Amino acid sequence: MCGAENGILPEYLEIARKTGGSVHTISKDIDELIKKREGEVFTIGFQRFKISAGHVQVF
């Protein structure tokens, strides 16, 4: 993802999670999203996300 300095939209993470894919920024590779479980909170850069009701949401 080029230009992700302002953060990553959770929709991109959602697509990667549902398809078993990954998201790549200039500084980080975000993979294994499919392994995230309900209620799990994780951080990417300055953003926190949570798996809630089966979806990736900003936390």
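Structure notes:
- Semi-axes of the equivalent ellipsoid of segment 6-58 are 16, 13, 9 Å, computed as sqrt(5λ) over the eigenvalues of the C-alpha gyration tensor in descending order.
- Degrees, to the nearest 10: 10-19 long Cα axis against longest axis of the chain: 60
- Taking the average, over residues, of other Cβ atoms within 10 Å as the packing measure, peptides 38-45, 7-14 rank 7-14, 38-45 from highest down.
- For the pair LYS28 and TYR12, the difference between a 0.36 nm per residue extended length and the Cα-Cα distance amounts to 4.3 nm.
Here, each number is a calculation from the coordinates, and none is a lab measurement. Computed from a predicted structure; not experimentally measured. In this analysis, Cβ positions are derived from the backbone assuming ideal geometry, glycine residues included, and neighbour counts consider all displayed protein chains.
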